Amino acid sequence: MDGRSGTGGGKGMRRKEAPQILLDWATISYRSILRTVVLVVLAGALGGLFVFLKASLRGSPEELALLDIGRAERLQREAATAAAGDPTRTPVADRAGRLLTEARLSFDRKAFPEARAAAQQSQAFSEKVLEGQGVDTFAARIFKYEGDVKVKRSREFVWESLSGNTALRVGDQIKTASSGSAQVIYFDGTITTIKPGSLLEIRELSEDPATKVRRVQEKVNWGGVSASTSGGNVAGSVHEVATESATTRSFSRAQFEVDYNAESRATRTEVQSGTTEVRTAGATHTLKPLERIDVTTGRGVTRTTLPPAPALLDPMDSRVFLATSGTPDVSLRWAQVVPAGRYRLQLSRSSLFSALVLDKPDVHSSSVRIPGLPEGTYYWRVAALKDGGVEGAFSEIRRFKVAGKRDVNQDDRTPPALELSQFLPSGHLVIINGRTEPGTLLTVEGQSIDVYDDGTFNAVIRMKREGKNDIEIVAQDSSGNETRQRRSVYVDTY
């Protein structure tokens, strides 16, 4: 058999083919690998930087200012819509808009705290509009009180105890017990102190949108008030304190008192500074400083000249007397007043003198020595009495503290806490409430502010100018450590 033909016969048979494996090869340079690694690392770094910057921005002055400006913009748009066509709310909405513009300008200058302050004030005015308030319903406010003080709302029959700063409206009444007192601040800049055992009613709070003339009227049903009116209102503005037998009117800056005896219907008005006008049935009387007028039913009108208030000399305000061994003797001294036969000295643990530690009306010298005072803070004032028992106005109020040696720690290097719970602009005034350490000396724009034994404080500060005002608040403890805060407020007349 031919071997080739055998081989040829094998070609005719189907062979089992082996599986095919395809391989593609590529060449990658080390430079390409390095470039890829660098890009991945760079992308990760950029992502991490973005996350870091976002995290670091959160809560920063810039972001907080942006958040407040955004909220102010939203509220201002809503307020502008709500105030359209309402002459009582339009000026308030316009003021919110001006403050918002100021906030944006401050943000552009990178003055983020100022931007935030202006934005927050813009929010407050927009919220006022959205609550239906206009300049004719601008609230008075009780910003400070001591002891038992109650409020009865207009058209209500229940007396409520105060629990903090309280906004007031026309028709509201404030009643103080024999150991209570309160201070009310009005949008016209007046601060009224309601004396113990008094009832005061809010009769009018209004402003003419066209002329900007402001009118405020209080009525003393019984008891008395001491008022300090402002000179910052337009001509024609008036603050009135009425009783059943007389009405006292102030047109500019003045300090005066009005007392009313409901049983005899007798009204007494006395002026410490400025001038007032007292209207009685059929007559008008002008009172100048250190003058008093008594209006008594059936006996007519009596005018009296008052002795001036004594100038307090010693101790200096906020002095601390250390009780190193026993209780220290405290000496109080004031300038003599001529003519004055004697003086009345009052000492209290509260700045409104709602509760007295000492009330001595027969001091025949210009100084006293008080031994054995317990530790704590005390307030004192003096009035002069001339022959016949005519008593003049009280002096300024000063305070001092009796402290134990343990209260002074020379090794203390920790600044005192300083927290503001309220910073409320009201016209050209700012209401400031907060808390610091007990015994701390507190000043606002250089003005000494009372700090109560629990560390709380209340202050009303008059702004110096329209536009932006910077306010510095300084707290200093007994070891000399200081905490300072600065706030900006914008004053803008309607």
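Numbers for the structure displayed
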| quantity | calculated |
| --- | --- |
| Cα convex hull of the stretch 152-222 - mean projected area over all directions, nm² | 5.2 |
| Stokes-Einstein translational diffusion, the stretch 61-135 - Kirkwood Rh over all Cα pairs, 1.002 mPa s, 20 °C, in µm²/s | 182 |
| Separation of the Asp470 and Gln485 label points, Cα + 7 Å toward Cβ, nm | 1.8 |
| Thr327/Arg265 FRET efficiency (R0 51 Å; Cβ-Cβ; nearest 0.05) | 0.60 |
| FRET efficiency, 1/(1 + (r/R0)^6) with R0 51 Å, evaluated for Thr297 and Arg109 via beta carbons | 0.20 |
| For the stretch 409-491, Kirkwood radius (reciprocal of mean inverse C-alpha pair distance, Å) | 13.1 |
| Inter-site label distance for Thr286 and Asn221 at 7 Å from Cα along Cβ, in nm | 3.5 |
| Nitroxide proxy distance, nm - points 7 Å out along Cα→Cβ at Asp454 and Arg319 | 3.0 |
| Semi-axis lengths (Å, descending) of the ellipsoid that matches the C-alpha gyration tensor of the stretch 186-236 | 24, 12, 6 |
| Peptides 238-251, 351-364 ordered by average Cβ neighbours within 10 Å, highest first | 238-251, 351-364 |
| Added length on full extension, which subtracts the Cα-Cα distance from 0.36 nm per residue, Ala311 to Leu130 | 60.3 nm |
| Among the listed pairs Lys152/Lys175; Lys219/Lys288; Lys288/Lys360; Lys175/Lys212, those beyond 19 Å (Cα-Cα) | Lys219/Lys288; Lys288/Lys360; Lys175/Lys212 |
| Viscosity 0.692 mPa s, temperature 37 °C, Stokes-Einstein D of the stretch 138-305 from Kirkwood C-alpha radius, µm²/s | 205 |
| Cα shape, the stretch 230-295, gyration tensor, a/c 1.5 rule | prolate |
| Length added when fully stretched, Ser367-Trp159, from 0.36 nm per residue minus Cα-Cα | 70.6 nm |
| Within the stretch 312-406, percent of DSSP bridges classed antiparallel, to nearest 5 | 85 |
| Antiparallel content of DSSP bridges confined to the stretch 161-288, in %, to 5 | 90 |
| With 10 Å bins from 0: P(r) over the stretch 318-394, alpha-carbon pairs, percent | 17, 47, 28, 7, 0 |
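Values in this text are rule-based calculations from the coordinates and carry no lab data. Remember, predicted model here, so these are calculated numbers, not experimental data. Positions of Cβ are backbone-derived with ideal geometry, glycine not excepted, and every protein chain shown enters the neighbour counts.
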